[in-house]
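Comments concern the structure below.
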Amino acid sequence: MRRSRTLLFVVACSLLAACSSYKPSFINEYRIDVQQGNVLTQEMVGQLKPGQTRDQVRFILGSPLITDIFHRQRWDYVYRFRNGRTGAVEARQFSVFFDAEDRLARVAGLAEVGAVDELNTTVSRSRLIDLGTLSAEAAEQPLVTEEPGFFRRMMNKVGL
């Protein structure tokens with residue numbers, strides 16, 4: 001009886017030690033890139049002009065991440081990117097200030113806001129398809145329609 005308790009205790013300690021926080025250097029968990037906040041491009045910032053209304057600024061830059069109730073004349077656009085592989089954190093802040101008539105007075109923060117390609121967003125990985133450069137021959141060809149599948153045909157027979 002005493003021997004089985006000792007054996008059970010040794011097995012439990014061994015299993016508990018297997019769950020320790022030490023990990024060998026060749027085992028690495030996958031960590032994703034975390035992107036938070038507003039992505040501002042240089043083109044967006046370049047469209048800002050003094051005297052624009054709040055609605056115009058919101059249309060150009062999007063909704064601000066921070067609107068402080070104590071500083072109603074200030075909008076803050078904050079961006080933070082944490083690289084999953086290296087753990088390096090990149091943070092940017094861009095502030096927009098309005099005057100008493102709710103017109104754009106000045107901006108502060110990073111004047112050289114990074115390009116979209118540099119920020120590792122999904123936008124940089126998307127494909128751009130220009131539909132305005134179709135040739136005349138391609139435009140005259142009729143569109144090929146796809147036949148409905150089995151399920152859609154049955155739904156059409158039922159009337160749905």
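Just give me the residues in segment 49-82 being in a loop (DSSP other than H, G, I, E, B) and hydrophobic (A, V, I, L, M, F, W, C), in sequence order.
In the first step, residues of segment 49-82 are kept if they are in a loop (DSSP other than H, G, I, E, B); the result is 49-52, 62-65, 68-73.
Answer for segment 49-82, where residues must be in a loop (DSSP other than H, G, I, E, B) and hydrophobic (A, V, I, L, M, F, W, C): L65, I69, F70.
For the structure I just gave you, tell me whether D68 is under 20 Å from A108 (Cα atoms), at pLDDT 90 or above and not basic (K, R).
So D68 fails the test.
When you check A111 against the structure, is it under 17 Å from the mean Cα position of the chain (by Cα), within 17 Å of V45 (Cβ to Cβ) and modelled with pLDDT under 85, yes or no? Give the derivation first.
Working: under 17 Å from the mean Cα position of the chain (by Cα): no; within 17 Å of V45 (Cβ to Cβ): yes; modelled with pLDDT under 85: yes.
Criteria not met by A111.
Keeping to segment 95-105, report how many residues are surrounded by 12 or more Cβ atoms within 10 Å (Cβ to Cβ) and either within 17 Å of the chain's Cα centre (by Cα) or assigned to a loop (DSSP other than H, G, I, E, B) (or both).
Start the filter on segment 95-105 by keeping residues that are surrounded by 12 or more Cβ atoms within 10 Å (Cβ to Cβ), which leaves 95-99, 102-105.
This time we only want the ones that are either within 17 Å of the chain's Cα centre (by Cα) or assigned to a loop (DSSP other than H, G, I, E, B) (or both), so: 99, 102.
Qualifying residue count for the region: 2.
The values are calculated or read from the model by the stated rules, or taken from the named source; none is laboratory data. Every value quoted in this text rests on a predicted model; they were computed, and no experiment measured them. Don't worry about glycine lacking a Cβ; one is built from the backbone with ideal geometry, like all the others, and counts go over all protein chains shown.
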